[in-house]
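**Student:** Here it is, the structure in full.
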Amino acid sequence: MALVALLLGPVGMAAQTPEEIVNKMSAQMDRGDAEGLVLDFNMKIPVVGNVTSHNKVLGKRMRMEVTAKDKRSIIWTDETTRRTYDKQTNILTIEANTTAADKQENGNMETFKGITDGYDLELQKETADAWFILCKKAKTNRDKDDPKRMELCIAKTSFLPIYLKTKLSMINISFEHVSIGVTEKEVAFDPNEFPEAEIVDKR
């Protein structure tokens, strides 16, 4: 029995609760504030189909490549300006960046912060590479906009989320391919990339 206890002791010490795992994930995600954050956002909407966006954010600057059923566009935002390039029409629209739009878009990037708030966490499965955590809405959570459950997968090597999946009404939502590290060039708008675009300035 003493030998069994000796062998199992390190295993028990290494075990982590779902809350501890998520807290370590949050600490890694905090690096994105200074180093930049990359993630993909996907929505599957009845009738409309799939809407996806590849997002890069560094500070107050963001670049999004949005793909929908009949639309392809690139959006750049900073503290004052929003630029939208429509690939189908070759039109570049420039307008003032409103507070509402800024909050909505940056809200996607803030998804993983405070993810445990209002949720009970359950470690469903563990593999050599990842933890699979079920987030169930707590009875004390009165926020009607919060989904009832979310599926969170976290990589063991980096403590970064592999994906977060949930469902709101009839819409399936997922955040995937999260990584840290964005350069200024990656989020900056370069007019030389669109020399023949028609410019519509609404500022």
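The values are calculated or read from the model by the stated rules, or taken from the named source; none is laboratory data. Quantities reported herein were computed from a predicted structural model and do not represent experimental measurements. Here Cβ is always computed from backbone atoms with ideal geometry, including for glycine, and neighbour counts include all displayed protein chains.
**Student:** Pick out the one residue from Ile94, Ile75 that is at pLDDT 90 or above and crowded, with 18+ Cβ neighbours inside 10 Å.
**Tutor:** Ile75
**Student:** Can you pull out every residue in the stretch 154-173 that is surrounded by fewer than 17 Cβ atoms within 10 Å (Cβ to Cβ), touching a residue at least 40 places away in the same chain (Cβ under 8 Å) and of a type outside the set (Gly, Ala, Ser)?
**Tutor:** The answer is Met170, Ile171, Asn172.
**Student:** Starting from the stretch 114-129, take each residue that is touching a residue at least 24 places away in the same chain (Cβ under 8 Å) and list its partners that are among the basic types (Lys, Arg) and outside any strand (DSSP E or B), counting only C-beta distances under 7 angstrom and pairs at least six apart or across chains.
**Tutor:** Pairs found: Asp129/Lys156.
**Student:** Continuing with the same structure: Of the residues that sit in the stretch 27-71 and are loosely packed, with under 15 Cβ neighbours inside 10 Å and of a type in the set (Gly, Ala, Ser), which one is nearest to Asp120 (Cα to Cα)?
**Tutor:** Per the criteria, the residue is Ala27.
**Student:** Are there any pairs with C-beta distances below 7 angstrom linking a residue in the stretch 174-201 that is under 28 Å from Asp30 (Cα atoms) and buried (at least 16 other Cβ atoms within 10 Å of the Cβ) to a residue that is small (Gly, Ala, Ser) and modelled with pLDDT of 95 or more, with the two at least 6 apart or on different chains, and if so which?
**Tutor:** none
**Student:** Another one. Do you know which of the residues in the stretch 138-171 that are out of contact with any strand residue (DSSP E or B) (no Cβ under 6 Å at 6 or more places or on another chain) and assigned to a strand (DSSP E or B) is modelled with the lowest pLDDT?
**Tutor:** Leu168
**Student:** Also: Only residues that are polar (S, T, N, Q) and surrounded by fewer than 17 Cβ atoms within 10 Å (Cβ to Cβ): list them for the stretch 114-152, please.
**Tutor:** Once the filter is applied, which keeps residues that are polar (S, T, N, Q) and surrounded by fewer than 17 Cβ atoms within 10 Å (Cβ to Cβ), the stretch 114-152 yields Gln124, Thr127, Thr140, Asn141.
**Student:** Now, a different point. Does Val57 qualify as being within 20 Å of Ser174 (Cβ to Cβ), modelled with pLDDT under 95, touching a Leu at 6+ places or on another chain (Cβ under 6 Å) and β-branched (Val, Ile, Thr)?
**Tutor:** The answer is yes for Val57.
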